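Structure, as structure tokens:
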Amino acid sequence: MKKWINYILYLLMVAVLVLVDQLSKVWMSNNLKGHENIVWIKNVFELEYLENTGAAFSSFMGKQGFLITITVIILAFVLYKWTQIPEGKRYFGFRFTFALLVAGAIGNLIDRTVQGYVVDFFYFKPINFPRFNVADCYVCVSMVLLAILIFFVYKDEESDFLFHIRKK
């Protein structure tokens, strides 16, 4: 029973994170599309509306079918691996990290399937960094956390489930 309660809690966490992402994109679309950028730190950080039909760094521009397919495959794999995370408080880090990754993937998947593009808006001006959004932040933070967990927190045998397909 406790296992199902935990799954429901993580599902709620993912839902809240996706909601935050989607609300941020709606707000940006309503307030930035066709308007001047909002400058937070002059010559450093701005909010600038962009409809991105590609993926990271505008790669795979216009390849929505491919990007949707890849996202669904990755989501299925991550959810499969999520079911293999060992029980116990010790593995909260993996569960939290996977929740961030799933929320980010779902947030951008919603945009791709509904609109045909992803709304990006965060922009670091000095390095002309590509625009990105809240879902992108979830994915990037989850990847950094995953690396930290694998290399510095868990012993090899504790993170072994990530690298093997469990035989039933």
Using a Cα-Cα cut-off of under 22 Å, which lysines could be cross-linked to K125, ignoring same-chain neighbours fewer than 8 residues away? K25, K33, K42
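Any idea what the relative contact order of the range 1-146 is, in percent, if you count C-alpha pairs under 8 Å spaced at least 6 apart? Intermediate values should be presented prior to the final figure.
Working: 179 pairs, mean separation 45.6, N = 146.
RCO, the range 1-146: 31 percent.
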For a quick check: with amide H placed at 1.01 Å from N, whose amide H comes under 5 Å from G54's, ignoring anything fewer than 5 positions away on the same chain? G62, V118
Tell me the net charge near A135. Cut-off is 11 Å between Cβ atoms, A135 excluded, with +1 for each Lys or Arg and -1 for each Asp or Glu. -2
Whole-Hz Karplus couplings 3J(HN,Hα) for the range 11-17, θ = phi - 60° and coefficients 6.51, -1.76, 1.60, Gly and Pro as x, run 4, 5, 4, 4, 4, 5, 5
I need the phi-derived Karplus couplings for the range 20-35: 6.51 cos²θ - 1.76 cosθ + 1.60, θ = phi - 60°, integer Hz, Gly and Pro marked x. 4, 4, 5, 5, 5, 5, 5, 4, 5, 4, 6, 10, 10, 4, x, 10
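For the chain, what % of the accessible area comes from carbon and sulfur atoms, probe 1.4 Å?
Details: 7260 of 10330 Å².
Looking at the chain in its full context, I get 70 percent from C and S.
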For the chain, longest principal axis from Cα atoms; helix 64-82 axis from its Cα atoms; angle between them, nearest 10 degrees, is 30
Identified option (computed Rg and Dmax of the Cα atoms in Å; candidates (1) 17.7, 57; (2) 15.6, 47; (3) 18.8, 59): (1)
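For a quick protection proxy, order the peptides 113-119, 133-139 by their average other-Cβ count within 10 Å, most packed first.
Details: 113-119: 16.0, 133-139: 22.1.
Listed from highest to lowest mean packing, they are 133-139, 113-119.
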What number comes out for accessible area per residue over the range 53-94 if the probe is 1.4 Å? Units Å², please. 61
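The values are calculated or read from the model by the stated rules, or taken from the named source; none is laboratory data. Here the structure is a predicted model, which means the values were calculated and not measured. All Cβ positions, even for glycine, are placed from backbone atoms using ideal geometry, and neighbour counts span all protein chains on display. Only protein heavy atoms, including side chains, enter the accessible area calculation; ligands, DNA and RNA are left aside. Shrake-Rupley method; radii C 1.70, N 1.55, O 1.52, S 1.80 Å.
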